[in-house]
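Below: one structure, written as structure tokens.
The values are calculated or read from the model by the stated rules, or taken from the named source; none is laboratory data. Fair warning: this is a prediction, and the values are worked out from it, not measured in the lab. Because the Cβ atoms are built from the backbone with ideal geometry, glycine has one as well, and the counts that use them run over all protein chains shown. Surface accessibility is based on the protein's heavy atoms, side chains included, excluding ligands, DNA and RNA. Shrake-Rupley method; radii C 1.70, N 1.55, O 1.52, S 1.80 Å.
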Amino acid sequence: MAHVLITGGAGFIGSHSCVVLLENGHDLLVLDNFSNSSPVALKRVQELTGRSLECVKGDLRDPALLQKLFADAKAAGAPIEAVIHFAGLKAVAESVADPLRYWDVNVGGSCALLASMDAHDCRTLVFSSTSTVYGESETFPLTETTPTNPIHPYAQTKRAVEQMLTALAQTGTWRVASLRYFNPVGAHPSGRIGEDPLGIPNNLFPFITQIAAGRMDKLRVFGNEYPTPDGTGIRDYLHVMDLAEAHAAAINHLLQSDAPLSLTVNLGTGKGLSVLDVVHGFEKATGITIPYEVVKRRPGDVPKLEACPKKAANVLGWRAKRSLADMCRDGWAWQSANPHGYRKAS
Ligand code: WQD
């Protein structure tokens, strides 16, 4: 068991991962600036697990703060042994409109974190990467050796950090893992924590749950003439609790390795689903009808993303276990109990 710094631990994937890591016995220090997350999530993580975690509000691009976190932990006799780095910006369209901000936060923030880690002899890191680094591929399923082709600043900044990590690992003193997430959805089965996008959701799944909750009236399906069986876009949706478990597997794998290590791993189910599969799956799991209309394609969307999940199974011993019905049921449990997310919550 280790003392682990979790950047962005109050966010959607971060908070679910904190639950699993605490249940695995790790001690956690969360650093989050709450720019797109709520401290209420961390309060609920502690309620769910019956364990406490330490939380500091602050920004990765504050070197004095990072220096203090590492130094204080060492002085208290519990040095930080590893980092899971979730913190970052993640909206594709926003990254196209404001690329500098994405390079500053995602790359500059990572660079500052890595420099502090290095200075404090903490060289074990799990990084949140994304399947969008593959861009539009011709061959499926996507394996970790499929060439990357990041086509927007969001994906480019994630790929840049992966490259920074590979270079660090080549110095022979780091253990790093870049986890390429496909499309995480759903929520903790308790309905106490979940995804809480600010404003109108960009992503399919929160849009659907907000229609079900009466906050939106209908879904706009972005295109039905893609080269896919029903013409709508295909993605590899996975349950956020499966994804959270993959982080525990990854950090344990790195901590157990005596040698330097540089890993890149896809995290998906290996089974792509179309937009209409998700709509109908949600309707079946919840009994709620989701009205929709087909509109034109969304710029930047690719027809299909689907993971080859074999490396995750072989190297980390991890597989996605939960079904689309589980994703829908748990996502709806969260949204129906928290129609306005963490706002107005206590
Ligand atoms: C899924 C499918 C849309 C909304 C993005 C990021 C990725 C990751 C997850 C991380 C597509 C269609 C969507 C809607 C629709 N980000 N859709 N109507 O674009 O695969 O991935 O989010 O934080 O890195 O790129 O996910 O959920 O937006 O879209 O028809 O209102 O649903 O066209 O086919 P995407 P998504």
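Only four residue types carry charge here, +1 at the Cβ of Lys and Arg and -1 at the Cβ of Asp and Glu. Report the dipole size of the chain about the Cα centre in Debye, rounded to the nearest 20. Please report the intermediate quantities before stating the final value.
Details: 33 positive and 34 negative charges, 82 e Å.
Result for the chain is approximately 400 debye, rounded to the nearest 20.
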Rounded to whole Hz, the Karplus (6.51, -1.76, 1.60) HN-Hα couplings of region 263-280, x for glycine and proline: 10, 10, 9, 6, 10, x, 8, x, 10, x, 10, 7, 4, 5, 4, 5, 4, 6
Longest to shortest principal axis, alpha-carbon extents of region 292-346, angstrom: 43, 36, 20
Normalised alpha carbon radius of gyration of region 124-192 [divisor 2.2 N^0.38 Å]: 1.30
q = 0.14, 0.15, 0.16, 0.21 Å⁻¹, region 1-111: log10 I(q)/I(0) [Debye, one scatterer per Cα]: -0.56, -0.64, -0.72, -1.14
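Is the shape of region 1-66 rounded, prolate or oblate, going by the alpha carbon gyration tensor and its root eigenvalues a ≥ b ≥ c, with a/c under 1.5 for rounded and a/b larger than b/c for prolate?
Values: a/c = 2.17, a/b = 1.39, b/c = 1.57.
Since a/c reaches 1.5 but b/c is at least a/b, the shape of region 1-66 is classed as oblate.
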Candidate residues Trp318, Trp103: accessible-area rank, largest first, probe 1.4 Å: Trp103, Trp318
Nonlocal amide H pairs with Val30, under 5 Å, H built at 1.01 Å: Ile6, Glu54, Cys55, Val56
Cut-off under 5 Å, modelled amide H: who pairs with Leu219 long-range: Tyr292, Glu293
Low-density loop cleavage sites - GluC sites (Glu not before Pro) in region 72-137, where at most 11 other Cβ are within 10 Å (DSSP): none
Calculated [θ] (222 nm, deg cm²/dmol) that DSSP helices of n ≥ 4 give over the chain, each run adding -39,500 (n - 2.57): -11000 deg cm²/dmol
Largest-first ordering by accessible area, 1.4 Å probe, given options His85, His120, His253: His253, His120, His85
Charge-dipole axis of the chain as Lys and Arg at +1 and Asp and Glu at -1 on Cβ define it, positive-most pick from Asn314, Ala64, Leu324: Leu324
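Given Cα positions, please report Rg to Rh for region 176-278, the hydrodynamic radius being the Kirkwood one. If you can, show how the numbers build up before the last one.
Details: Rg = 16.8 Å, Rh = 15.9 Å.
Expressed as Rg/Rh, it is 1.06.
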Amide H partners (placed H, <5 Å) of Arg175, local residues excluded: Thr124, Leu125, Leu261
Share, in percent, of DSSP beta bridges within the chain that are antiparallel, nearest 5: 5
Dipole magnitude of region 36-170 about its Cα centre (Cβ charges: Lys, Arg +1; Asp, Glu -1), debye to nearest 20: 360
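State, as an integer percentage, the relative contact order of region 19-124 based on alpha-carbon contacts under 8 Å between residues 6 or more apart.
Details: 83 pairs, mean separation 29.2, N = 106.
Normalised by residue count, the contact order of region 19-124 is 28 percent.
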Cα-centre dipole for region 254-339 with unit charges at Cβ (Lys and Arg positive, Asp and Glu negative), debye to 20: 200
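At a 10 angstrom cut-off on C-beta neighbours, averaged per residue, how do the peptides 195-201, 2-8 rank from highest to lowest? Please list the in-between numbers first.
On the way: 195-201: 15.3, 2-8: 25.0.
Packing order, densest peptide first, comes out as 2-8, 195-201.
Using the Kirkwood formula over every pair of different C-alpha atoms, what hydrodynamic radius in Å results for region 259-327?
Numbers: mean 1/r = 0.0671 Å⁻¹.
After inverting the pairwise mean of 1/r, the radius is 14.9 Å.
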Positive-end residue, the chain charge dipole about Cα centroid, Cβ charges, pick of Leu114, Ala259, Thr228: Thr228
Taking all pairs of distinct alpha-carbon atoms in the chain, Kirkwood radius in angstrom: 20.4
Debye intensity ratio in log₁₀ form over the Cα atoms of region 29-70, taken at each q of 0.18, 0.22, 0.24, 0.26 Å⁻¹: -0.56, -0.75, -0.83, -0.90
Calculated SAXS-style log₁₀ I(q)/I(0) at q = 0.24, 0.28 Å⁻¹ - region 82-152, Debye, Cα scatterers: -1.08, -1.19
Alpha carbon centroid spacing (whole Å) that separates region 247-295 from region 137-202: 12
13 Å Cα-Cα reach of Lys304 towards aspartates and glutamates, excluding residues that sit fewer than 8 places from it in its own chain: Glu136, Glu138, Glu225, Asp230, Asp236
Centre separation in Å (Cα based) which lies between region 318-337 and region 74-124: 29
Cβ-defined net charge surrounding Ser95, 15 Å radius [Lys, Arg +1; Asp, Glu -1]: +1
In Hz, Karplus ³J(HN,Hα) per residue of region 160-168 (6.51, -1.76, 1.60; θ = phi - 60°; x = Gly, Pro): 4, 5, 3, 5, 4, 5, 4, 5, 5
